[in-house]
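**Q** Questions regarding the structure given below will be posed in turn.
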Amino acid sequence: MVPEEVAWVLPTVLPFIIGLLVGVIIKRALKLILIVIVLIVVLAAIGYVQLPSTEELMKAALTYLPLIQREAGPLINFIPYTSISFIIGLLIGLWKG
């Protein structure tokens, strides 16, 4: 049981910490995606890999994006994105993470 003197801090601090973690995860994921894109472009430039056509990319996107949305859609309810402390934590996580 949390003492009453400290209980008011939890609704503020917990979303902030979650925001920090989500910000760091997003920043690292974006860095990784950028590295993979650069690697694919370099491999395509030297002729090692052939890039798919726009039509093939659209077909794959239309196949997988609805599945991803259906599976990940309920997860958005776990993130307290309406809390100002979450947004501050997210921004700090993106900036410093």
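The values are calculated or read from the model by the stated rules, or taken from the named source; none is laboratory data. Computed from a predicted structure; not experimentally measured. Please note: Cβ atoms are built from the backbone with ideal geometry, for glycine as well, and neighbour counts cover all protein chains shown.
**Q** Every residue in the range 1-60 that is of a type in the set (S, T, Y) and touching a Ser or Thr at 6+ places or on another chain (Cβ under 9 Å), please.
**A** Passing the criteria: only T12.
**Q** Hey, another quick one. For the list (1) within 30 Å of S85 (Cα to Cα); (2) at pLDDT 90 or above, I need the number of the one condition that A60 fails.
**A** That leaves (1) as the condition not met.
One line per residue, one yes/no per condition, for (1) farther than 30 Å from L91 by Cβ; (2) part of a helix (DSSP H, G or I); (3) acidic (D, E):
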site: I25; (1), (2), (3): no, yes, no
site: L30; (1), (2), (3): no, yes, no
site: V36; (1), (2), (3): no, yes, no
site: Y48; (1), (2), (3): yes, no, no
site: A60; (1), (2), (3): yes, yes, no
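**Q** Just to be sure before I move on: is P52 in contact (Cβ under 8 Å) with a residue 24 or more places away in the chain and assigned to a loop (DSSP other than H, G, I, E, B) in the structure I sent?
**A** No, not satisfied.
**Q** Looking at G97, G73, G93, G47, which is the one that is out of contact with any strand residue (DSSP E or B) (no Cβ under 8 Å at 6 or more places or on another chain) and within 26 Å of W8 (Cα to Cα)?
**A** On inspection, the qualifying residue turns out to be G93.
**Q** Oh, and also: Take the residues of the range 26-48 that are surrounded by 13 or more Cβ atoms within 10 Å (Cβ to Cβ) and either of a type in the set (V, I, T) or in contact (Cβ under 8 Å) with a residue 60 or more places away in the chain (or both): which is farthest from G97 (Cα to Cα)?
**A** Out of the qualifying residues, it is I40.
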